[in-house]
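Structure first, then comments.
Nothing in this text is a laboratory measurement; each read-out follows from the coordinates by a stated rule. Model, not experiment: these values are computed from the prediction. Every residue, glycine among them, receives a Cβ derived from its backbone with ideal geometry; neighbour counts consider all protein chains shown.
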Amino acid sequence: MDPLEPTDSDLQKLEEKVAKAQAAFESEEKLRKEVEALNAKLLQEKTDLLASLEGEKGSLAEFQEKSNKLQAQKTDLESQLHVSILTDVFVCYLLSN
């Protein structure tokens, strides 16, 4: 027997190594595909959330604008009420004297 020629035992060991490597490769490939799918899903969720956030920012700006207008109207009405009360008090004072 030629010492450089592989034996059946050597070939069997090599076949086992190839089978293990093939199984590991298939497992890694499956995991990679799962991770890629999860990554795509997460990227879509991120995009959707960012779009939603932008929409909410617009809504918030509109709400703040309306709130500022209402606050200005409230201040104006309070001022008118104070003037009206002072006028009534002054008229009552004048009528009582």
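Points worth noting:
- Dipole-positive endmost among Q64, P6, S27 within the chain (Cβ charges, Cα centre): Q64
- Options [x] 22.2; [y] 14.9; [z] 14.5 - which one matches Kirkwood radius over Cα pairs in Å as calculated here: [x]
- Extension gain for K17 to C92 (0.36 nm times residue separation, less C-alpha to C-alpha distance): 16.2 nm.
- Chain lengthening between K57 and A37 when straightened (0.36 nm per residue, less Cα-Cα): 4.2 nm
- Using only side-chain charges placed at the Cβ, +1 for Lys and Arg and -1 for Asp and Glu, the dipole size of the chain relative to its Cα centre rounds to 800 debye.
- Proximal lysine pairs, the chain, alpha carbons under 26 Å, eight or more residues apart or interchain: 15
- Degrees separating the helix 8-96 axis from the principal Cα axis of the chain, which is the longest one: 0
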